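Here the structure comes first, spelled out in structure tokens, and everything after it is commentary.
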Amino acid sequence: QGENLLYCFEVAPVQPALHQVTQCRTEGSTRGLATVPRLALNVMACEVLRVLQLTDTALVPISYLVPRKSVQDFHEDLFPDCVGTLPATNTQAWWAGDSQQVRRVSLHPARRPTETFTSPVIMDTWLQAADTGPTNTDANTDTDQSASDYSSPCSLASPGSATTSLSTSTGPSSGFASSPSQKSLQNILGPSSRFRHAQGRVLHRDSHLTNLPGLSLTTPGECDGFCANHQRVALPLLSAGGQIAVLEVPQARHSSQHGTGGCSAVTLPGSLPQLSKPGRQPDTALPTIQNGAAVADLSWDPFDPQRLAVAGEDAKIQLWRIPEGGLQETLQEPEAVLQGHTEKIYSIRFHPMASDLLVSSSYDMTVRIWDLSTGQEALCLQGHTDQIFSLAWSPDGKKLATVSKDTRLRLYEPRCSAEPQQEGPGPEGARGARLVWVCGGDYLLVSGFDSRSERRILLYWAQALPDGPLSVLGLDVAPSTLLPFYDEDTSIVFLTGKGDTRVFLYEVTPEPPYFLECNSFTSSEPHKGFVFLPKTVCEVREVEFA
């Protein structure tokens, strides 16, 4: 009471128990609400609910409609039989134990019941009023007629249609409160993501950094191509000696996107974030890191923004310390060198919880965990029989998952054993794969290929890898592996590949259908690398979430 927002939720006996369907803004403040009986709904217009709002000066009907191609037919899936108006028993019989139920009647206009009931207790009063007022049947007829003439200010749109609104604003529609015998709208229309209207936008070219010196575009498929944190961007260069450019990112805004109409927004920069001197860079040489070997992968320490780990094709991992204020001269001596792998390294990942902990995978088919405080190998994980495509720590840091060319998915608990705790079937194709933990660390999302080179994503329950994927979704046919980036706050996964122009967006849910499609993003030029910045740089006042 006193508010001008009307929320509609679908109630389910499983989690999440409440799922918002619409949010309707009314013209006046609410003093009272009542729902119209289902027998009074305009079923031929697919009206599934009508609410009467009492304001200071008016009684306002608010109608909820399900859009259907045909309004000439009666849609039985929307309107199952409802409770009728004739009692099933009387007072004496109920006290005696009679528990009959009120007979259900059809909502089909041609099969509407005509029986009426009048309590004998008020029969005398009713008969006295019969000379001056309409009969019960006439009153019901008038009510039905006036109800069917109500306007429909609030429309419930299907996921693929535009949401219409006459006098109120309408939010996302992905379901509707239903009785156990009635199919919910979510089952009829199919569920849709709360973030399906997320929009990506490339900023003006004034904020781009151009004329970058000789970028290396040949980093392995297991590498993202470059890496960034909230302070710096590290870019492998094409020149000999494994040179890496390090560019400073100031604390000013680097990207922006507005969300309107209750929709969230996402910024997907098609270029680098705004740096200290955006625009065309000078032709003079930049100070660089001299890694000494071609770069296979590189990663910033999440707890030390000045430390950069670089894996080289010489089977070494070098740790570099970037001075405050950025590189002023070429760095040639690393802070530390980690040696132990016998062949080229694929990828490296810092631990999400503990400092000075790094994991690496190599062509020698081992996964090694390093203690950076001592510069020594802490553990070597066994069990792989072919190339390791990808590895990822669980969000709580307890487990490590890998996917490899032998089409196997493995799950380790490094503090318990060097052998895999679980194994399960991975993607069929041998061209490449990536994995990321989703849904609070309870599930694994794997991107890969099928036997016909179609790119697809697979969702696994982390506690049952041997059972195979819960869901498989085919996307398209392309040569590059999809790189997944997951936002744990919205459960949105972003997928794109090197050389692609399109970024797929899906909301991942732990229940069917598991993948809810959102607006994809398309850039004008193919991207050679794609990296997400830490969540702390998002402009939350502009509803930017990635």
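The values are calculated or read from the model by the stated rules, or taken from the named source; none is laboratory data. Not measured: the values here are computed from a predicted model. Backbone-built Cβ (ideal geometry, glycine too); neighbour counts: all protein chains shown. Side chains are part of the model used for accessible areas, which takes the heavy atoms of the whole protein and leaves out ligands, DNA and RNA. Shrake-Rupley method; radii C 1.70, N 1.55, O 1.52, S 1.80 Å.
Criterion first (surrounded by fewer than 18 Cβ atoms within 10 Å (Cβ to Cβ), touching an Asp or Glu at 6+ places or on another chain (Cβ under 7 Å) and in contact (Cβ under 8 Å) with a residue 12 or more places away in the chain) does GLY28 satisfy it? Judged against the criteria, GLY28 is a match. For the range 438-449, the candidate set comprises residues that are open to solvent by 10 Å² or more (accessible area, probe 1.4 Å) and touching a strand residue (DSSP E or B) at 6+ places or on another chain (Cβ under 8 Å); within that set, the residue that is farthest from PHE485 (Cα to Cα) is ASP442.
Filter the range 350-381 down to the residues that are part of a loop (DSSP other than H, G, I, E, B) and either in contact (Cβ under 8 Å) with a residue 60 or more places away in the chain or within 35 Å of the chain's Cα centre (by Cα) (or both) and list them by number. Passing the criteria: HIS351, PRO352, MET353, ALA354, SER355, ASP356, TYR363, MET365, THR366, LEU372.
Any residue in the range 490-498 that is surrounded by fewer than 17 Cβ atoms within 10 Å (Cβ to Cβ) and either modelled with pLDDT of 90 or more or over 14 Å from the mean Cα position of the chain (by Cα) (or both)?
Our first condition is that a residue be surrounded by fewer than 17 Cβ atoms within 10 Å (Cβ to Cβ); within the range 490-498, this holds for none.
No; the residues of the range 490-498 include none that is surrounded by fewer than 17 Cβ atoms within 10 Å (Cβ to Cβ) and either modelled with pLDDT of 90 or more or over 14 Å from the mean Cα position of the chain (by Cα) (or both).
Of the set (1) open to solvent by less than 80 Å² (accessible area, probe 1.4 Å); (2) farther than 22 Å from VAL43 by Cα; (3) at pLDDT 85 or above, all apply to ALA129 but (3).
Go over the candidates ARG205, ARG201, ARG253 one by one and state the one that is among the basic types (Lys, Arg), open to solvent by 30 Å² or more (accessible area, probe 1.4 Å) and at pLDDT below 75.
On the way: ARG205 fails: at pLDDT below 75; ARG201 fails: at pLDDT below 75.
Sole residue among the options that is among the basic types (Lys, Arg), open to solvent by 30 Å² or more (accessible area, probe 1.4 Å) and at pLDDT below 75: ARG253.
The residues of the range 354-382 that are surrounded by 14 or more Cβ atoms within 10 Å (Cβ to Cβ) and closer than 24 Å to VAL438 by Cα, listed by number, are LEU357, LEU358, VAL359, SER360, SER361, VAL367, ARG368, ILE369, LEU381. Please find, within the range 393-407, the residue that is surrounded by the fewest Cβ atoms within 10 Å (Cβ to Cβ) out of those that are of a type outside the set (Gly, Ala, Ser) and more than 18 Å from CYS380 (Cβ to Cβ). Result: ASP396. Counting the residues of the range 285-333 that are farther than 12 Å from ALA245 by Cβ and either in contact with a His (Cβ under 6 Å, 6 or more places away or on another chain) or assigned to a strand (DSSP E or B) (or both) gives 20. State all residues of the range 408-437 that are surrounded by fewer than 16 Cβ atoms within 10 Å (Cβ to Cβ) and among the small types (Gly, Ala, Ser); if no residue qualifies, say none. Those that are surrounded by fewer than 16 Cβ atoms within 10 Å (Cβ to Cβ) and among the small types (Gly, Ala, Ser): SER417, ALA418. Yes or no: GLU507 open to solvent by less than 30 Å² (accessible area, probe 1.4 Å) and touching a residue at least 24 places away in the same chain (Cβ under 8 Å)? So GLU507 fits the description; yes.
Please determine, by comparing only the residues of the range 100-111 that are part of a loop (DSSP other than H, G, I, E, B) and open to solvent by 90 Å² or more (accessible area, probe 1.4 Å), which one is farthest from THR35 (Cα to Cα). Let's see the steps before the verdict.
In the first step, residues of the range 100-111 are kept if they are part of a loop (DSSP other than H, G, I, E, B); the result is 100-103, 106-108.
Of the ones still in play, those that are also open to solvent by 90 Å² or more (accessible area, probe 1.4 Å) are 100-101, 103.
Details: GLN100: 26, GLN101: 22, ARG103: 21 Å.
Per the criteria, the residue is GLN100.
Within the range 334-349, take every residue that is of a type outside the set (A, V, I, L, M) and in a strand (DSSP E or B) and give me the one that is farthest from LYS399 (Cα to Cα).
Step by step, filter the range 334-349, then rank; the result is GLN339.
All conditions in (1) under 14 Å from ALA311 (Cα atoms); (2) crowded, with 18+ Cβ neighbours inside 10 Å hold for GLN339, with the sole exception of (2). Please indicate, with yes or no, whether at least one residue in the range 480-491 is part of a strand (DSSP E or B) and over 28 Å from LEU237 (Cβ atoms). Yes - at least one qualifying residue is present in the range 480-491. Against the numbered list (1) under 31 Å from the mean Cα position of the chain (by Cα); (2) open to solvent by 40 Å² or more (accessible area, probe 1.4 Å); (3) modelled with pLDDT of 80 or more, VAL233 comes up short only at (2).
Looking only at residues in the range 43-69 that are open to solvent by less than 40 Å² (accessible area, probe 1.4 Å), more than 29 Å from the chain's Cα centre (by Cα) and not aliphatic (A, V, I, L, M), the one that is farthest from GLN1 (Cα to Cα) is CYS46.
Taken together, the residues in the range 342-353 that are open to solvent by 30 Å² or more (accessible area, probe 1.4 Å) and over 19 Å from GLN382 (Cα atoms) amount to 2.
Which residues, taken from the range 457-472, are in contact with a Phe, Trp or Tyr (Cβ under 9 Å, 6 or more places away or on another chain), assigned to a strand (DSSP E or B) and open to solvent by less than 50 Å² (accessible area, probe 1.4 Å)? Break it down stepwise before answering.
Filtering the range 457-472 for residues in contact with a Phe, Trp or Tyr (Cβ under 9 Å, 6 or more places away or on another chain) gives 457, 459-462, 467-471.
Then drop every residue that is not assigned to a strand (DSSP E or B), which leaves 457, 459-461, 471.
ILE457, LEU459, TYR460, SER471, listed by residue number.
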